[in-house]
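**Student:** I'd like to ask some things about the structure below.
The values are calculated or read from the model by the stated rules, or taken from the named source; none is laboratory data. Computed from a predicted model, the values in this text were never measured in an experiment. Don't worry about glycine lacking a Cβ; one is built from the backbone with ideal geometry, like all the others, and counts go over all protein chains shown.
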Amino acid sequence: MTTPVPNNGERGAITPYALIMITVLLLFVGLSVDGGAKLRAGWEAVGAAEEAARAGAGQVDRAAVYRGTQGRVDRGAAVRAARAYLAAGGHSGTVQIAGPGSIAVSVTVRKPTWLLSMVGLTSVSMTATSTASLVSGVEGPDQ
């Protein structure tokens with residue numbers, strides 16, 4: 001004959017603790033993995049904005065240079081070049097002329113989340129803005 005196990009009211013007491021710990025662990029892993037996705041989106045946005053701005057700022061108004069006046073950005077060609085660079089990389093953004101020799105590009109990159117999508121956060125995004133200026137010559141304050 002076996003002796004009955006005394007019922008001291010602690011049966012299943014570990015279950016709420018385990019559920020809470022598993023939830024916290026999944027949330028921590030989700031923040032780590034999906035936080036990395038947000039960082040990658042930021043790096044990608046910065047890179048795309050900087051390179052598109054450089055592509056635009058490199059579009060010199062050749063007619064002005066040939067006339068012997070100071071070089072400046074060809075506004076139409078600069079906007080087209082920056083937009084073409086963004087399109088080639090699969091990005092969308094805004095391109096603006098920021099001055100007579102400058103162009104500004106703003107890019108937003110969106111990345112899907114993996115674990116945080118379980119709690120309703122399906123994507124993360126980062127926006128970066130970069131301005132590039134045309135610099136001519138080898139001497140001066142901007143070199």
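**Student:** Need the failing condition index for residue 30 against (1) out of contact with any strand residue (DSSP E or B) (no Cβ under 6 Å at 6 or more places or on another chain); (2) modelled with pLDDT of 85 or more; (3) closer than 23 Å to residue 110 by Cα, just the number.
**Tutor:** Just one mismatch for residue 30, condition (2).
**Student:** Moving on to the next point. Quick check, is residue 78 in contact (Cβ under 8 Å) with a residue 12 or more places away in the chain and under 17 Å from the mean Cα position of the chain (by Cα)?
**Tutor:** no
**Student:** Of all residues in region 104-121, which are within 16 Å of the chain's Cα centre (by Cα) and part of a loop (DSSP other than H, G, I, E, B)?
**Tutor:** Listed by number, the list holds a single entry, 113.
**Student:** Now, a different point. Given 79, 65, which one is part of a helix (DSSP H, G or I) and either small (Gly, Ala, Ser) or modelled with pLDDT under 90 (or both)?
**Tutor:** Values: 79 fails: either small (Gly, Ala, Ser) or modelled with pLDDT under 90 (or both).
From the options 79, 65, the qualifying one is 65.
**Student:** Evaluate region 40-56: report whether one residue or more is within 30 Å of residue 25 (Cβ to Cβ), aromatic (Phe, Trp, Tyr) and part of a helix (DSSP H, G or I). Outline the logic, then answer.
**Tutor:** First pass over region 40-56, keeping only residues within 30 Å of residue 25 (Cβ to Cβ): 40-44.
From what's left, aromatic (Phe, Trp, Tyr): 43.
Then keep just the ones that are part of a helix (DSSP H, G or I); that gives 43.
The answer is yes, given that some residue of region 40-56 is within 30 Å of residue 25 (Cβ to Cβ), aromatic (Phe, Trp, Tyr) and part of a helix (DSSP H, G or I).
**Student:** Here is a list of conditions, (1) over 17 Å from the mean Cα position of the chain (by Cα); (2) small (Gly, Ala, Ser); (3) under 22 Å from residue 45 (Cα atoms), and residue 92 meets all of them except one; can you say which number that is?
**Tutor:** In the conditions (1) over 17 Å from the mean Cα position of the chain (by Cα); (2) small (Gly, Ala, Ser); (3) under 22 Å from residue 45 (Cα atoms), residue 92 misses (1) alone.
**Student:** How many residues are in contact with a strand residue (DSSP E or B) (Cβ under 6 Å, 6 or more places away or on another chain) and either loosely packed, with under 14 Cβ neighbours inside 10 Å or not charged (D, E, K, R) (or both) if we restrict to region 33-58?
**Tutor:** Of the residues in that region, 11 qualify.
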